[in-house]
Amino acid sequence: MKHIFLGLVLLTAGAVVSQQSPPPTMPPSTPPTFPEDRAPRQEAPPSSEQAEPRNLTTPEVQQQIVQGFSAEPMLRNSNVDVQVDEDSVTLTGSVKSEQQHDRALRIVESYSGDRKIVDKIKVTQVT
């Protein structure tokens, strides 16, 4: 009797599951229509974060790197010179620690674009 009751429960559960309808499908996407007297709303241009990075001119790269060094407290009193041309960014001078050196390189990498970075910075560890 127990086996018959259990079999009926399983049979009923199987029938209920098999009769469930499949998930509804979404209708194909169609472009919105607008009244003839109203044009569709123009999308805003992408923000600078989403825009493709543009190639900066040589003076712009020079200015951005110098400003980056000035804005970085760790590098404000450093002795680093930056020379930028169409193909490369050359760094000369000295810093007092590897941390300053690494930070200077990161700033330069963020603005150099496809230019080669020539690192001639000397680290003068003070012990």
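The values are calculated or read from the model by the stated rules, or taken from the named source; none is laboratory data. All figures in this text were calculated on a predicted structure; none of them were measured in a lab. Using ideal geometry, Cβ is built from the backbone for each residue, glycine included, and neighbour counts are taken over all protein chains shown.
Residues in the range 50-59: is at least one surrounded by 13 or more Cβ atoms within 10 Å (Cβ to Cβ) and either under 19 Å from the mean Cα position of the chain (by Cα) or modelled with pLDDT of 90 or more (or both)?
yes
What number of residues within the range 75-120 are closer than 11 Å to Val61 by Cα, outside any helix (DSSP H, G or I) and without any contact (Cβ under 8 Å) to a residue 40 or more places away in the chain?
Looking only at that region, the number is 7.
Look at Leu75 and say whether it is farther than 30 Å from Gln125 by Cβ, surrounded by 11 or more Cβ atoms within 10 Å (Cβ to Cβ) and modelled with pLDDT of 70 or more.
No, not satisfied.
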